[in-house]
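Please treat every number below as a calculation from the coordinates, not as lab data. Predicted, not measured: the structure shown is a model, and the values here were computed from it. Because the Cβ atoms are built from the backbone with ideal geometry, glycine has one as well, and the counts that use them run over all protein chains shown.
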Amino acid sequence: MNRLVVQLPGLSLKNPVMPASGCFGFGREYAKFYDLSVLGAIMIKATTLEARFGNPTPRVAETPSGMLNAIGLQNPGLEKVMEEELPWLAQYDVPIIANVAGSTMEDYVEVAKHISKAPNVHALELNISCPNVKKGGIAFGTVPEVAAELTKLVKEVSEVPVYVKLSPNVTNIVEMAKAIEEAGADGLTMINTLLGMRIDIKTAEPILANRTGGLSGPAIKPIAIRMIYEVSQAVSIPIIGMGGIQSAEDVIEFFYAGASAVAVGTANFVDPFVCPNIIAELPALLDELGFAHISECTGRSWKKGGSTIYCGA
Amino acid sequence: MNRLVVQLPGLSLKNPVMPASGCFGFGREYAKFYDLSVLGAIMIKATTLEARFGNPTPRVAETPSGMLNAIGLQNPGLEKVMEEELPWLAQYDVPIIANVAGSTMEDYVEVAKHISKAPNVHALELNISCPNVKKGGIAFGTVPEVAAELTKLVKEVSEVPVYVKLSPNVTNIVEMAKAIEEAGADGLTMINTLLGMRIDIKTAEPILANRTGGLSGPAIKPIAIRMIYEVSQAVSIPIIGMGGIQSAEDVIEFFYAGASAVAVGTANFVDPFVCPNIIAELPALLDELGFAHISECTGRSWKKGGSTIYCGA
Amino acid sequence: MKEQMTIVRHEQLAKQIYELTLSGSLVQTMNEPGQFVHVKVAEYAPLLRRPLSLCDINKEAGECTMIYRAEGAGTTLLAKKRPGETIDVLGPLGNGFPVEAAKAGQRALLVGGGIGVPPLYELAKQFVNSGVSVTTVLGFQTKEVVFYEQKFLTYGETYVATVDGSYGTKGFVTDVINERALSFDVLYACGPKPMLKALEQQFPQKEVYLSLEERMGCGVGACFACVCHVPNSETAYKKVCSDGPVFKAGEVVL
Amino acid sequence: MKEQMTIVRHEQLAKQIYELTLSGSLVQTMNEPGQFVHVKVAEYAPLLRRPLSLCDINKEAGECTMIYRAEGAGTTLLAKKRPGETIDVLGPLGNGFPVEAAKAGQRALLVGGGIGVPPLYELAKQFVNSGVSVTTVLGFQTKEVVFYEQKFLTYGETYVATVDGSYGTKGFVTDVINERALSFDVLYACGPKPMLKALEQQFPQKEVYLSLEERMGCGVGACFACVCHVPNSETAYKKVCSDGPVFKAGEVVL
Ligand SMILES: Cc1cc2nc3c(=O)[nH]c(=O)nc-3n(C[C@H](O)[C@H](O)[C@H](O)COP(=O)(O)OP(=O)(O)OC[C@H]3O[C@@H](n4cnc5c(N)ncnc54)[C@H](O)[C@@H]3O)c2cc1C
Ligand SMILES: Cc1cc2nc3c(=O)[nH]c(=O)nc-3n(C[C@H](O)[C@H](O)[C@H](O)COP(=O)(O)OP(=O)(O)OC[C@H]3O[C@@H](n4cnc5c(N)ncnc54)[C@H](O)[C@@H]3O)c2cc1C
Ligand SMILES: Cc1cc2nc3c(=O)[nH]c(=O)nc-3n(C[C@H](O)[C@H](O)[C@H](O)COP(=O)(O)O)c2cc1C
Ligand SMILES: Cc1cc2nc3c(=O)[nH]c(=O)nc-3n(C[C@H](O)[C@H](O)[C@H](O)COP(=O)(O)O)c2cc1C
Ligand code: FES
Ligand code: FES
């Protein structure tokens, strides 16, 4: 059964399904529910140079078919991640994608340099788009030149391939993607959350202590699909797609749009078993749709002749 | 009971609730359900110079807590709207906001010049952001200078106040809003739909014949709230807010964010009575929240001391 | 025009095919076969209503019946609802089959494909009540999804075709019509577009009424989601939800 | 840890207050009062689970009971569910009240505020079974929302306070404790933060356990939504969902 195997820069994945960064901690909690080795990979929580407590609470708010979060990149800092979290994760047969964040370019470079040396870190994911960090974060993700420069600097120091995570909060996502590709990124991950807000009807105060937060979950899926559809036709580096995935059908939809692998975020909170369930369901779905290998689905919505093979119902 | 009365440039509204453009046709269909005179105003379907058939079908697709549409500005054209639709609407005691669209600046100017002369048209709404028209449309809504120029040209010819409808598909909504304010707009309406897409799992083809479409409905509400929150603090012209409104509580949330009136779009499809129901429920909700007049709610989430008056629960 | 109707019966008829009977005062406003109701399946999601054709109108009992295939998110959720629960129904909507087009003593041919079969049942009933003879041809994919053959038999000759030949005639409804050389005065059809096109082409000289399907937003004519072209015009249109769903053959471009 | 549990009883106890009893094999894994279950109310929306405390664990019957206030979207929808329907339950989650902290012969003071009352019921039951005496003080806003007074009375002295004085003592739980000069060895409390703070301040020398509430994402410790500060550190934290919801007074910053 290697019809789910996917090869991406730095990543030899037994299947293309992985939990998204920030939605799976460093794996410890979900290890109580199932064997993490079934996962294609794990995108760990954003790591910064120093430990961060993050934002005040409330940090999450529910929205129609989605949620807002403003965690504020809480994490134990590079040192602890290197010494405690990554070695713990090494007991599982699963490649780790380290999500790297910071307030300055130097921060990113420093974290990337060190974390890319960890034996089970097979790739980096540059989180240039977290809308919850006031300093820097958002600008990196919305100005092509800045994103490109950061990509270059990190590429210079990283010992593993570098994926850059795109923010959807931009007018022209293709322009961003191309600038980052040209700067040498090995792949893209998309999308991060959309900037949103909710206000408490009784107090007239924003529900999140941080006021605004990042919108994730099924609500944003059509935006993710559209952006991956556009970007995948404009770049030649692979895309790990995310944004509202809840089912094996959703995974196929992301592949059709142009993704080569996918990450599942918010859905882990709704159902802790969602990743292994999706992985288990994919082969039967491929049968039903008539595909020998999941990679055949990538970009099918726009590749010539993409719609002629399957003739169902 | 004048606690719902709202005064906006050109608009003396008996209440601040109106159907959003494109979600109410020219009123004929909903007139079978209730007396249109109960509405604060009506935003009629986008009008273009010539009649347009619009895009091929399928034109709509459902998404989690939302929908995509790619109608393609189907409408009978300026002449018929002036001769048939607006006179028919004149039987109701309700101000009309005419939604103006086009492919070139000249189109907009031409439509604006004429339609603003109709006696029951009390304001224009420039649809510079409809993502379904391939020529021109999207650029108007994403480049501040272009939007500003169009606003100026239309202001020169319009006999009624001009509201400009903002596209959410931009990196910096505040910059857009300020450029349009400086160009002389009398008000803003926001938000239009977010560009999205869905792909049919069986055929690998986009569900919409137009491939991409505009995302509306409750799913986008947190994005609308965030954008209105940001823009209302940066401009001094009023905002008519929209994006996922379904209930009287949603209306208050939009006011708290910074809106001075609201429009209801997609929710009309879910419940044809949604507008009159919301209007009927608002007074009791104002009582519950302790407001004498709905205008007290505008911008409450960011106005100093905004959270000190009401002490509930 | 909108009511919380109560489920009185809800039964599975065939593979994925369910028969849903609702009671409520809205039934008294339902008259035309071919009209549809717009059903809100759950309070929040799915967001949009689902159009379902009226299959049986029983004014005395104050009940109406719809038949649907549980396939996507909305209908699958609907299939889990049980008697006693209520459903938010908007309708009846649209313009149905013109029953008066067939006169007493004439013969109506009713042709249904798959989940297009249900509206023909109320139509057959009304014809029999008004002295019109009915021949029915029902087409399905396969034996497992055949339903209502017996019910139609009580109103007249009834033939079934399945694409895979697992039940009745192997092939399409048009094969049955041709093989049996079925004769009729007026033809009424509901089903997939290729079937409707085939019928339209085969009987250009006959009076033919076709019920169309299109993805809908509002269901009431306001959103322009469900339009179709009118022959020989670039901008003229009809709305399936409010001008249709039933059109006379030739009236719109299929 | 996750199961479709079946509703066996679902009753309204007071204004907006519902008692929900579920059966399923998950009950056999439920032990600690103060633990919670994470409930998915509907298939699609609302999206997130709702944390509800265990109020009664009946392993023999294979049933557990929760009590909740129907207020927002999720709990209002939950209140419409009827016996026979199933609900997706994840749990038991978190760390509950340390029952063993009170020894046989000692007296435990149980203090509950509003919808914080339910977890104290299973706690009282376990204390009585292990020979610990129980005094309960329950605080509510008003008479209309008082519940379970009789049930607590079967386990020991029980006092009720209402903020508006419409039932029991007028005022807060602390007023009852002070007026009656209630004595105890260990204090266990669940309720609104101001109540917990007041208790923490009033009994600095006592062993006090407090159950906290915080908005949650995952409920299992993975998302960092529900953290609280630990005294004297800028970055140290505890997660309410997985380190709590019960903490010893002083362990976290309220
Ligand atoms: C006038 C009319 C009458 C109909 N009568 C019947 C009937 O009696 N029995 C029956 O089983 N079906 C009928 N249909 C088709 C039925 O509406 C769809 O099968 C149903 O909406 C699909 O919903 P879902 O939740 O299964 O699919 P989903 O995939 O979850 O639906 C997503 C969206 O697409 C729309 N959609 C999907 N398929 C169709 C379709 N074939 N036609 C129109 N919209 C679609 C849905 O309404 C919804 O808005 C009718 C359609 C129309 C237009
Ligand atoms: C550990 C724990 C145990 C709890 N036990 C009980 C109980 O036994 N009985 C009971 O009635 N309530 C209990 N609560 C509070 C209960 O979870 C909320 O009242 C409920 O989630 C509100 O959901 P809603 O659908 O009514 O509100 P909505 O406003 O629709 O909720 C929106 C979002 O905010 C969250 N939220 C809203 N209010 C709260 C709150 N007070 N605490 C945490 N999250 C909230 C919801 O979970 C949801 O994610 C408990 C909370 C926690 C953290
Ligand atoms: C609670 C939460 C925390 C997140 N933290 C991070 C993070 O640390 N780094 C990052 O790149 N993305 C983070 N994200 C974004 C997700 O990785 C993902 O891009 C986004 O949520 C969309 O996917 P989803 O809809 O499946 O959740 C976070 C999302 C959530 C909901
Ligand atoms: C079917 C449909 C058609 C629309 N047509 C128009 C239009 O013609 N002009 C316009 O400015 N906005 C149009 N819109 C956008 C709405 O007016 C509104 O800005 C948007 O849908 C967000 O509000 P909602 O979430 O309440 O629907 C349309 C929206 C829908 C769903
Ligand atoms: S569905 Fe809206 S016009 Fe037909
Ligand atoms: S709710 Fe996710 S860590 Fe506690």
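With a simple spin-label model that places each label point 7 Å from the Cα along the Cα-to-Cβ direction, the separation between C:Lys2 and C:Asn129 comes to 2.9 nm. Measuring from the axis that maps chain D onto chain C, the chain D residue with the nearest beta carbon and its rounded distance in angstrom come out as D:Ala45, 2.
Radius of gyration over Kirkwood radius for chain C, both on Cα atoms: the Rg/Rh ratio is 0.95. In this model, which of A:Lys165/A:Lys303; B:Lys14/B:Lys117; B:Lys14/B:Lys45; A:Lys202/B:Lys303; C:Lys193/C:Lys239 are farther than 18 Å apart at the alpha-carbon? Listed pairs above 18 Å: A:Lys165/A:Lys303; B:Lys14/B:Lys117; B:Lys14/B:Lys45. Excluding same-chain neighbours fewer than eight residues apart, the aspartates and glutamates reachable from C:Lys151 by a Cα-Cα span under 16 Å are C:Glu11, C:Glu19, C:Asp56, C:Glu122. For peptide A:265-271, the mean count of partner chain Cβ atoms within 10 Å of a residue's Cβ comes to 6. If you run the Gaussian network model on chain C, springs between alpha carbon atoms under 10 Å, then out of C:Pro33, C:Pro192, C:Pro118 the most flexible one is C:Pro192. Within segment D:70-113, which residues have the backbone N less than 18 Å from the label spot 7 Å out from D:Asp185 along Cα→beta-carbon, could you tell me? In segment D:70-113, the label zone of D:Asp185 (backbone N under 18 Å from the point 7 Å along Cα→Cβ) covers D:97-111.
If R0 is 30 Å, the Cβ-Cβ spacing of B:Val146 and B:Glu205 corresponds to a FRET efficiency of close to 0.35. Compactness of segment D:202-254 is given as radius of gyration and Dmax, 11.4, 35 Å, from Cα positions. Ratio of Rg to Rh for segment C:2-93: 0.92 [Cα atoms; Kirkwood radius as inverse mean 1/r over pairs]. Under the criterion of Cα pairs below 8 Å and six or more residues apart, the relative contact order for chain A equals 18 percent. The string of couplings for segment A:200-212 from the Karplus curve (6.51, -1.76, 1.60, θ = phi - 60°) is 6, 5, 7, 9, 6, 9, x, 5, 7, 4, 7, 6, 9 Hz, one whole number per residue in order, with x for Gly and Pro. Given the pairs C:Lys143/C:Lys170; D:Lys170/D:Lys197; D:Lys59/D:Lys103, which are separated by over 18 angstrom at their Cα positions? As for pairs spanning more than 18 Å Cα to Cα, those are D:Lys170/D:Lys197; D:Lys59/D:Lys103.
Can you pull the mean other chain C-beta count within 10 Å for peptide A:65-77? Numbers along the way, then the final one.
On the way: counts 14, 12, 8, 3, 4, 1, 5, 1, 1, 6, 2, 2, 1.
The shielding value for this peptide is 5.
Both radii come from the Cα set of segment C:99-211: Rg as radius of gyration, Rh as Kirkwood radius; their ratio Rg/Rh reads 0.93. 3J(HN,Hα) along segment C:34-40: x, 6, 10, 10, 10, 10, 9 Hz, from the Karplus curve 6.51 cos²θ - 1.76 cosθ + 1.60 with θ = phi - 60°, whole Hz, x for Gly and Pro. Other residues whose C-beta falls under 15 angstrom from the C-beta of A:Gly187 contribute a net charge of -1, scoring Lys and Arg +1 and Asp and Glu -1. Comparing A:Ala259, A:Ala118, A:Ala31 in a Gaussian network model of chain A (Cα springs below 10 Å), the most mobile by mean-square fluctuation is A:Ala31. Between copies, the label points of D:Gln106, set 7 Å from Cα on the Cα→Cβ line, lie 9.2 nm apart, reported in increasing order to one decimal in nanometres.
Which of the GluC sites (Glu not before Pro) found in segment C:9-50 are in a DSSP loop and have at most 16 neighbouring Cβ atoms, other than their own, within 10 Å? Write down the numbers at each step before the final one.
Details: sites: C:Glu11, C:Glu19, C:Glu43; in loops: C:Glu43.
Those satisfying the criteria are C:Glu43.
Taking B:Asp271, B:Asp250, B:Asp93 in turn, the Gaussian network model of chain B (Cα-Cα springs below 10 Å) assigns the largest fluctuation to B:Asp271.
With a Förster radius of 41 Å applied to the beta-carbon distance between D:Asn178 and D:Glu234, the computed FRET efficiency rounds to 0.70. Note on the protein assembly as shown: Kirkwood radius taken over Cα pairs, Stokes-Einstein applied at 25 °C and 0.890 mPa s, translational D equal to 77 µm² s⁻¹.
Take each residue of peptide B:28-39, count the partner chain Cβ atoms within 10 Å of its Cβ, and average: the result is 2.
Every helix of 4 or more DSSP H residues in the protein assembly as shown counts as -39500 (n - 2.57), and over all residues that averages to -6500 deg cm²/dmol at 222 nm. Setting aside same-chain residues fewer than 8 positions from C:Lys206, which aspartates and glutamates have a Cα under 15 Å from its Cα? By straight Cα distance, C:Lys206 reaches C:Asp185, C:Glu251. Translational diffusion coefficient of segment A:6-303 (Stokes-Einstein, Kirkwood radius from Cα pairs, 25 °C, 0.890 mPa s): 130 µm²/s. Computed from label points 7 Å out along Cα-Cβ, the spacing between C:Lys59 and B:Asp287 is 4.1 nm. Modelled this way, with points 7 Å down the Cα-to-C-beta line, the labels at C:Thr76 and D:Ala70 are 2.8 nm from one another. In summary, the lysines within cross-link reach of C:Lys80, defined as a Cα separation below 18 angstrom excluding same-chain residues under 8 places away, comprise C:Lys15, C:Lys40, D:Lys40, D:Lys80, D:Lys81. Equivalent-ellipsoid semi-axes for segment A:20-173 (Cα gyration tensor, √(5λ), whole Å, largest first): 23, 20, 14.
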